[in-house]
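Input: a single structure, listed below in structure tokens.
The values are calculated or read from the model by the stated rules, or taken from the named source; none is laboratory data. These figures come from a predicted structure and were not determined experimentally. So basically every Cβ, Gly included, is an ideal-geometry build from the backbone, and we count neighbours across all protein chains shown. Keep in mind that these areas ignore ligands, DNA and RNA; they rest on the heavy atoms of the full protein, side chains included. Shrake-Rupley method; radii C 1.70, N 1.55, O 1.52, S 1.80 Å.
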Amino acid sequence: MPDDEVPVLIVGGSLVGLTTAMLLGHHGVPSLAVERHAGTAIHPRAGHFQLRTMELLRQLGLEERVRAKSLETYSATGGIVAVESLAGRELATYVQELNEGVEGFSPTRRVFINQDALEPLLRERALELGATVRNRTEAVAIEQDDDGATVTLRDLDSGDEREVRARYVVAADGSRSPARTRLGIAMRGYGQFSRSITIYFRADCSELLRDRNQGVIYVHNPALRGFFRLDRTGGKGFLVINTVGEDVTQDSAVDVQAGLTEQRALEYLRTAIGTDLPMEIVDIANWQAEANWAERLRDGRVFLAGDAAHVVPPNGGFGGNTGVQDALNLAWKLAAVVRGDAGPDLLDSYEAERLPLIRLTVQQAYTRYATRVVPERGTDGVEPPVPDIELEIGLVMRSAAILGEDGDDGVLHLPPSALDGRPGTRAPHVALGDDHSTLDLFGSRFVVLRPAGDGADDWAPPGASSHVIDDDTFAGVYGLSAGGATLVRPDGVVAWRAREAASRDDISRALATALGASPT
């Protein structure tokens, strides 16, 4: 007999696992997250959090705490530039300012915050919402049957094993995902293209930063290529190195780990800084730069999320953000099925909606690596760049749980201003005064939105809430005329829209479809 039972067991208690646990708790479903490490992240890692991630944190009451924590380390207005070295010439500007061009599209803004600073906030909120997190624990086996999964957990300190019964399992156990390997799910994409390193260090680089509006600083010189992330004092940070040597077309150039010693790492760091300063190496991490996605996101009752589902180079900041979007899409669906509000067919929509967008995002991360780090290696397999904001809030999803409209053009992304509130996209932001947004109406249940001036106030069927928006811009932004209505899911995605005429029966049928029932 199992030692314990839980609705959802999450394998992995880092960024994506904690986000999943937090969202499940928000939707009233307890979960158990197990993590083999002793605590949350000890190194900065992911550091650029996009609009969609910040919108989620806003919904869960964490936006201001995250923003305040961010400002302890980074400027709120950092950009992304390339230099010969910190002491040398500036070569290019990739992003002038982190939030340039986002005005009017969201009630929040992007931030730079290190993963080791963010994860404790996520863990604390997940625990507040009813999740359980066990560290120094790994899942060593998952056995599925028609009713659920039995997961064998091992305490890494004592060696003791116990069995936990779960209705569903989320595998958020990293890029080498043992769970994915056991399920026999292959990866597709570009493979591995660099054996990179990250050097965590202390050195007073404040004078070298001058007046640079720095967030990420790429380094291009004959000795190495990579990028710096420095805190706002310029006194500590990390240096990622993707290639060494002048000829980056050689395979040896992308094996930065070969023959690495601390003395060689110091030489790399000194070269990237561009002058001889007192410096201390705190740690060196070896990792593989790759751009791949899982061929499928589900095996029975087990779902892949985060790096278990997709691995990208850090260029563009897509890794952690893409994993958060996995959690946002999956958690409310699991909760709806566990609570009995939806049938299990709803869970088929996770892969249908996420996998095409994951593939797109991995391709775009590779594009940024190829063009910013190793352009000499050519453009074979490099997709044309898509603007960041389209990858954040301009994505288009399709599944049986989204009622599309006639004339669907099949695009996966559009400028936010061109989305027009179409089904399968993030519901648009419309400012409602007092720093409120239409986005603040979403997050807990289905929401029916209608323009003011027509019909009864409450058109919401059971399981949804209804809001009449008395704002001159709302109808145009959401693509509605008088009498029209929009149905928005708990994850903020438009599930259905009637542009001109909607009835309560129409909305009830749309809600049933959005919960996984076959359209009638």
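Considering only the stretch 34-48, I want to know if a residue exists there that is assigned to a loop (DSSP other than H, G, I, E, B), among the aliphatic types (A, V, I, L, M) and open to solvent by 40 Å² or more (accessible area, probe 1.4 Å).
Quick first cut of the stretch 34-48, residues assigned to a loop (DSSP other than H, G, I, E, B) only: 36-47.
Now drop any that are not among the aliphatic types (A, V, I, L, M), which leaves 38, 41-42, 46.
Subsequent filtering for residues that are open to solvent by 40 Å² or more (accessible area, probe 1.4 Å) retains 38, 42.
Yes, because at least one residue in the stretch 34-48 is assigned to a loop (DSSP other than H, G, I, E, B), among the aliphatic types (A, V, I, L, M) and open to solvent by 40 Å² or more (accessible area, probe 1.4 Å).
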| remark: Residue count, the stretch 326-343, condition out of contact with any helix residue (DSSP H, G or I) (no Cβ under 8 Å at 6 or more places or on another chain) and either without any contact (Cβ under 8 Å) to a residue 60 or more places away in the chain or open to solvent by less than 10 Å² (accessible area, probe 1.4 Å) (or both), comes to 1
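Residue-wise test of (1) among the polar types (S, T, N, Q); (2) buried (at least 16 other Cβ atoms within 10 Å of the Cβ); (3) in contact with a Gly (Cβ under 7 Å, 6 or more places away or on another chain).
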position: Leu57; (1), (2), (3): no, yes, no
position: Ser70; (1), (2), (3): yes, yes, no
position: Ala76; (1), (2), (3): no, yes, no
position: Arg89; (1), (2), (3): no, no, no
position: Thr93; (1), (2), (3): yes, no, yes
| said: Testing Ile281 on (1) hydrophobic (A, V, I, L, M, F, W, C); (2) over 27 Å from Ala172 (Cα atoms); (3) open to solvent by 30 Å² or more (accessible area, probe 1.4 Å), one condition comes back false. Which one is that? | reply: (3)
| task | Hey, can you tell me all the residues within the stretch 412-431 that are open to solvent by 40 Å² or more (accessible area, probe 1.4 Å) and farther than 21 Å from Val386 by Cβ? | result | Ala431
| field | Every pair of residues 6+ apart whose Cβ atoms lie under 7 Å, when the first sits in the stretch 489-516 and is β-branched (Val, Ile, Thr) while the second is not in a loop (DSSP other than H, G, I, E, B) | value | Val493/Arg426; Val494/Thr486; Val494/Val488; Ile507/Val448; Ile507/Ala485; Ile507/Leu487
| Any idea which of (1) touching a Pro at 6+ places or on another chain (Cβ under 8 Å); (2) more than 21 Å from Arg270 (Cβ to Cβ) is the one Asp204 doesn't satisfy? | (2)
| Sole exception among (1) within 20 Å of the chain's Cα centre (by Cα); (2) closer than 21 Å to Val83 by Cα for Val374, by number | (1)
| message | Suppose we filter Glu97, Glu103 for residues that are open to solvent by 70 Å² or more (accessible area, probe 1.4 Å), part of a loop (DSSP other than H, G, I, E, B), farther than 17 Å from Val6 by Cα and at pLDDT below 95; which single one remains? | response | Glu103
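Does any residue of the stretch 166-177 turn out to be over 19 Å from Ser31 (Cβ atoms) and in contact with a helix residue (DSSP H, G or I) (Cβ under 6 Å, 6 or more places away or on another chain)? Please lay out each step first, then the result.
Applying the first criterion (over 19 Å from Ser31 (Cβ atoms)) to the stretch 166-177 yields 175-176.
After this cut, where a residue has to be in contact with a helix residue (DSSP H, G or I) (Cβ under 6 Å, 6 or more places away or on another chain) as well, the list is 175.
Yes, the stretch 166-177 has at least one match.
Give me the residue from the stretch 293-325 that is in a helix (DSSP H, G or I) and among the polar types (S, T, N, Q) and, out of that set, most open to solvent (accessible area, probe 1.4 Å).
Within the stretch 293-325, the subset in a helix (DSSP H, G or I) is 306-308, 319-325.
Pick out the ones that are also among the polar types (S, T, N, Q) and you get 321-322, 325.
Details: Asn321: 5, Thr322: 15, Gln325: 33 Å².
Top of the filtered list is Gln325.
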| said: Every residue in the stretch 136-195 that is at pLDDT 95 or above, open to solvent by 50 Å² or more (accessible area, probe 1.4 Å) and hydroxyl-bearing (Ser, Thr, Tyr), please. | reply: Ser158, Thr181
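In the set Thr53, Thr77, Thr73, Thr19, which member is within 15 Å of Leu127 (Cα to Cα) and among the hydroxyl-bearing types (Ser, Thr, Tyr)? Even if it seems obvious, please write down each step before you answer.
Details: Thr53 fails: within 15 Å of Leu127 (Cα to Cα); Thr77 fails: within 15 Å of Leu127 (Cα to Cα); Thr73 fails: within 15 Å of Leu127 (Cα to Cα).
When all the criteria are applied, what remains is Thr19.
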| task | State which residue is nearest to Gly104 (Cα to Cα) when the search covers only the stretch 432-483 and only residues that are open to solvent by less than 50 Å² (accessible area, probe 1.4 Å) and of a type in the set (Ser, Thr, Tyr). | result | Ser437
| said: For Leu346, only one of the following conditions fails: (1) surrounded by fewer than 21 Cβ atoms within 10 Å (Cβ to Cβ); (2) modelled with pLDDT of 95 or more; (3) over 20 Å from the mean Cα position of the chain (by Cα). What is its number? | reply: (1)
| remark: Across (1) open to solvent by 20 Å² or more (accessible area, probe 1.4 Å); (2) under 27 Å from Asp173 (Cβ atoms), Thr19 clears everything bar (1)
